[in-house]
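Shown next, in structure tokens, is the structure this report addresses.
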Amino acid sequence: MFRMALKEEPYNPLVHYNLGVVAEAAKHNELALEAYASARKMLPDDPDIPCSMARVHASMVKDSSSQGMFTLPAIIQIHCV
């Protein structure tokens, strides 16, 4: 659905961001990061986008960790609530 929307509105940052949200929920981390990065280029001052990217990165680190224990640094948690 969002890929079709991207074809119709490739310069709509909300389409890119929402593709990232859907990809993140499906654990497609690389696609989520690409979509969020595209949205960030178009909306560099939107505070939600870097928070979403940080959440994906944290998920990737947690998934690769042997203990499965990882939390976002406090500064990111404060800004990404």
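The values are calculated or read from the model by the stated rules, or taken from the named source; none is laboratory data. Computed from a prediction, not measured in an experiment: that's the story for all the values here. Here the Cβ is made from the backbone with ideal geometry for all residues, glycine too, and neighbour counts use every protein chain on show. Please note that ligands, DNA and RNA were not included when accessible areas were found on the heavy atoms of the full protein model with its side chains. Shrake-Rupley method; radii C 1.70, N 1.55, O 1.52, S 1.80 Å.
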Members of segment 8-24 found to be of a type in the set (Val, Ile, Thr) and farther than 22 Å from SER59 by Cα, listed by number: VAL15
Scanning segment 25-42 residue by residue, those open to solvent by 50 Å² or more (accessible area, probe 1.4 Å) and within 19 Å of HIS57 (Cβ to Cβ) turn out to be ALA25, ALA26, LYS27, HIS28, GLU30, GLU34, ARG40, LYS41
Could you list all residues from segment 20-54 that are outside any helix (DSSP H, G or I) and not aliphatic (A, V, I, L, M)? LYS27, HIS28, PRO44, ASP45, ASP46, PRO47
Inspect all residues belonging to segment 66-76 and state whether any of them is open to solvent by 30 Å² or more (accessible area, probe 1.4 Å), modelled with pLDDT of 85 or more and either assigned to a loop (DSSP other than H, G, I, E, B) or of a type in the set (A, V, I, L, M) (or both). no
